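To start, the structure under review is shown below, and the notes come after it.
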Amino acid sequence: MKKFGVRSIVATGIGAALFFVLGRFVAIPSGVPNTNIALQYGVLAFISAVFGPICGLLAGLIGHFFIDFSFGWGVWWSWVISSAFFGCIVGFLASKIDFEGGEFGVSGIIRFNIAQVIGHLVAWGALAPVLDIIIYAEPADKVFVQGLVSAGVNIITTAVLGTLLCIAYTAAIPKKGSLKEEE
Amino acid sequence: MTNLFNYIDRPSPVHRLTGATKFVCLMLWSFAAMSTYDTRMLAALVIGSMIIFKVGRIKIKDVSFMLGFTAVFLVINSIMIFVFSPRHGTEIYGTCTFLWGMSGRYALTAEQLFYHLNYLLKYLSTIPIVLLFVCTTNPSEFASSLNKIGIKYSVSYAVALALRYIPDIQKQYHEISQAGQARGIEMTKKASFTGRIKAAAGILIPLIMSSMERIDIISNAMELRGFGKGKKRTWYMGRPFKVQDILAMAGCGLLVALAAYLAYVNGGRYYNPFI
């Protein structure tokens with residue numbers, strides 16, 4: 001597991017700020033009323049994969065809390081917790097990817113996407129609805145339909161944006177062994 | 001910055017409480033309101049929250065925009081609940097009383113209406129408190145006070161960093177977006193759906209790459225100054241607890257105890273007038 005050092009603390013803060021800015025000010029309407037394409041989950045998945053589960057958990061928690069906080073419509077704990085959980089799962093499952101080595105080939109893409117699909121399905125398809133049922137006693141089929149729709153939309157955006165970000169980031173890092181001693 | 005988080009600086013007893021106190025009270029209050037479904041307690045919480053709202057000297061005018069948002073959300077959610085599960089009340093309360101002789105799947109029942117009333121009360125009892133918290137808490141003081149209630153200072157520092165860099169990142173996003181528009185990339189509503197996604201990706205990649213660079217610069221600067229070497233740190237915006245802070249927290253703690261007591265008396269989370 002990646003250590004939670006100074007760099008991770010800073011990454012958490014910046015990640016939460018990015019999550020906030022994208023979630024609060026950048027909204028692409030998806031055509032379905034009241035649902036926007038959430039770009040912030042692509043970024044959160046990327047940050048979690050690079051900096052590990054604790055960073056992902058806290059960045060999701062702080063970022064989502066501040067989004068709810070700034071809208072002032074009440075903090076929706078069930079969804080805030082699910083965002084944090086998503087960051088944590090992706091951080092765990094993608095921790096094997098070696099970003100600093102500058103390699104993110106086909107296996108990295110597959111690994112990253114498996115992590116984000118599992119993360120979204122568990123967070124929005126299971127955790128958020130269950131919390132809604134426990135906290136607000138909402139009817140089960142309503143919350144599960146809501147949860148699965150947002151899981152689907154989020155998986156697609158994360159697959160496109162998150163993968164693009166990972167590729168762009170690793171492309172900027174020099175590969176291991178790219179320098180050779182002169183003969 | 002102040003605008004972004006709706007912080008309104010006005011002298012009032014609520015403003016004088018520390019950020020940590022308000023955060024703890026918010027958590028306890030919402031925990032009490034979330035856990036109970038006792039109509040009498042919810043109604044008392046609604047009245048109580050409105051009184052505290054007045055004490056905090058926040059005017060309806062200050063928060064009307066946010067209230068509008070919440071109202072729309074509540075209406076949509078209630079309609080969805082009814083569409084998906086018109087007999088949810090019956091499932092909870094165990095009886096089924098049809099109103100006005102209606103029948104069929106979408107017939108109104110007294111239990112359903114009572115469930116919706118409780119649902120509404122639940123939100124009404126927390127919304128004023130959340131609005132009050134948002135309007136009376138200085139975000140920087142909030143970050144520093146997190147440390148005081150037992151959260152590790154590295155985590156509260158991450159919160160402080162997020163608050164510090166939100167305006168910068170917002171500005172940078174805006175600059176990149178304008179640079180793109182200057183080169184003729186359409187990002188407004190006129191562009192097609194895929195066009196807008198592509199344009200967003202075009203902004204995101206430079207934004208994230210420069211943020212990664214920013215992470216390196218900030219963490220180097222912090223490491224050079226020995227961040228994380230000591231067990232504790234002091235806070236510029238921190239304030240010590242006073243008597244009223246402890247009283248406020250104790251009061252909210254009592255609410256949680258009351259919710260637990262009512263759950264014990266009612267034999268469950270629901271107050272059932274139908275039996």
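Values computed for the structure shown
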read-out	value
Neighbour net charge for B:THR136 - beta-carbon separation under 13 angstrom, K R +1, D E -1	+3
Cβ-defined net charge surrounding B:PHE53, 12 Å radius [Lys, Arg +1; Asp, Glu -1]	+2
Helix-only CD estimate at 222 nm, as mean residue ellipticity for the protein assembly as shown, using -39500 (n - 2.57) per DSSP H run (n ≥ 4)	-23000 deg cm²/dmol
Members of B:LYS59/B:LYS148; A:LYS142/B:LYS122; B:LYS148/B:LYS232 lying beyond 21 Å, as alpha-carbon distances in this model show	B:LYS59/B:LYS148
Within 10 Å of each Cβ in B:198-205, the average number of Cβ atoms from other chains	5
Per-residue average of Cβ from other chains inside 10 Å of B:37-44	0
Length-normalised contact order of segment A:6-171 in % [C-alpha pairs under 8 Å, at least 6 apart]	25 percent
Charge context of A:ALA140, other residues only, Cβ under 13 angstrom, K/R +1, D/E -1	-2
Cα-Cα P(r), segment A:6-171, percent of pairs per 5 Å interval	2, 10, 18, 23, 22, 14, 7, 3, 1, 0
Distance between segment B:207-252 and segment A:80-120 - C-alpha centres, whole angstrom	28 Å
GNM flexibility winner over chain B from B:THR21, B:THR126, B:THR109 (Cα, springs under 10 Å)	B:THR109
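The numbers here are math on the coordinates, done by the rules we state, and not lab data. None of the values given here were measured: they were computed from a predicted structure. Cβ sites come from the backbone with ideal geometry, for glycine too, and all protein chains shown count toward neighbours.
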